[in-house]
Each structure stands twice: as structure tokens, then as C-alpha cells.
């Protein structure tokens, strides 16, 4: 019998960690070996436990998930990190991701398949950062939407939060991407984290 996939969960929300652990522990081929409540803890535990996969929230206190990912990959190249910024791109998980998708993402990551590698995420961060100022011509409402994207909310959730239509949110997202010269929500979320626009909950 093959060894189970060792997973470390890094998220500053205890309920999120509990929910992920509860689901992952139902899988025969996965073992949750630890939890971390911030990026610094994630780096420390990853070095000690050397998990196969880390589920990493990018917006966390003390050390954000982007920097934590870089440090983990530097110290343990065999550990695969799945950034959980919930932006809808391959390799990034939604907070409300379907269980089957989460299981498949973990399995693929453990095999080194079809997920956005941390090295690519780091490169994305550099491209996203550029020389742009944090505001970059965004309106107050667009900044609100950007912050909610970075928190992992879908368009439908953002619409509910701001009490506007989903179509209006889509328009704001399009404007944000155009103004920041970005191609997708993943880059927008990374930009918000990099520029300190993401709100830590």
C-alpha cells in the first residue's frame, strides 16, 4: 500500500482549517499532518513536517502566503504548495471549492501535475507588482471589489456583499483588469496582496 499524501493546512481562519481537515480526513489516500494559523507557522511546520502538499491561504497575518510559499519552496523543493486565493485559475482553490475538486487538486499537486507551480506564482507576483502604484487609477468601488477578490469572493458573493448586480461586479472586474494591465483574477488577487490592499480578516 502506498503512503498517504501528507498535507499541511495553512489558513488564519480556524473554521476553514477545521472544514478542510474534516473533509481531507475522509480520504483514504490523504493524511493531514498539521495546521498553521499564519505564514510564519506554515514555514516552520513545513520545515519540520516536510509535507507532500501545503494548502496555503495567501492573505494571512505575520507573513503572507506568497512569501511563505517562497520560503517553503526554497527549504523543501519536494513540497508542493497550492495557493488558496480562490481566484478561479488553474492551481488556485476557491474557499467554497467542491470536495471532489479539492481532493483532485491535492492528488495532482502531490504528483506534480497540472497546477500552477509556486515558481510561476512568484514570477506572476513580479509581473503583477511592476512599477504601478497601489491605486493605479481605480475608483473607490473598484478598490472595494479588488479587496473582495483578494479575500476569495466570487462575483456572486461580491454582488451580495456590495448589494449590486452580478453584472455590475463583472464590469468592475473588467475595469480593474484593464486599468492594472492584468489578464485574470489570479493576477488581480496577487496584486492586491503585494500592494497591501488585501484586508486581513
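The values are calculated or read from the model by the stated rules, or taken from the named source; none is laboratory data. Keep in mind that what you see is a predicted model, and the values were worked out from it rather than measured. Every residue, glycine among them, receives a Cβ derived from its backbone with ideal geometry; neighbour counts consider all protein chains shown.
Within segment 1-28, restricting attention to residues that are in contact with a strand residue (DSSP E or B) (Cβ under 6 Å, 6 or more places away or on another chain) and in contact (Cβ under 8 Å) with a residue 40 or more places away in the chain, the residue that is surrounded by the fewest Cβ atoms within 10 Å (Cβ to Cβ) is 6. A residue that is assigned to a loop (DSSP other than H, G, I, E, B), modelled with pLDDT of 80 or more and out of contact with any helix residue (DSSP H, G or I) (no Cβ under 8 Å at 6 or more places or on another chain) cannot be found anywhere in segment 83-105. When the residues of segment 106-121 are filtered to those that are part of a helix (DSSP H, G or I) and modelled with pLDDT under 50, the one that is surrounded by the most Cβ atoms within 10 Å (Cβ to Cβ) is 121.
Evaluated against (1) modelled with pLDDT of 85 or more; (2) over 18 Å from the mean Cα position of the chain (by Cα); (3) at negative phi, residue 2 falls short on exactly one condition, (1).
Scanning segment 44-59 for residues that are part of a helix (DSSP H, G or I) and either under 14 Å from the mean Cα position of the chain (by Cα) or over 14 Å from residue 82 (Cα atoms) (or both) yields a total of 5.
Filter segment 60-82 down to the residues that are in a helix (DSSP H, G or I) and in contact with a strand residue (DSSP E or B) (Cβ under 8 Å, 6 or more places away or on another chain) and list them by number. Once the filter is applied, which keeps residues that are in a helix (DSSP H, G or I) and in contact with a strand residue (DSSP E or B) (Cβ under 8 Å, 6 or more places away or on another chain), segment 60-82 yields 65, 66, 68, 69, 72, 73. If you go through segment 148-195 and keep only what is crowded, with 16+ Cβ neighbours inside 10 Å, closer than 20 Å to residue 13 by Cβ and modelled with pLDDT of 85 or more, you end up with 148, 149, 153, 154, 157, 158.
For residue 73, the stated conditions hold: it is under 24 Å from residue 112 (Cβ atoms) and in contact (Cβ under 8 Å) with a residue 12 or more places away in the chain.
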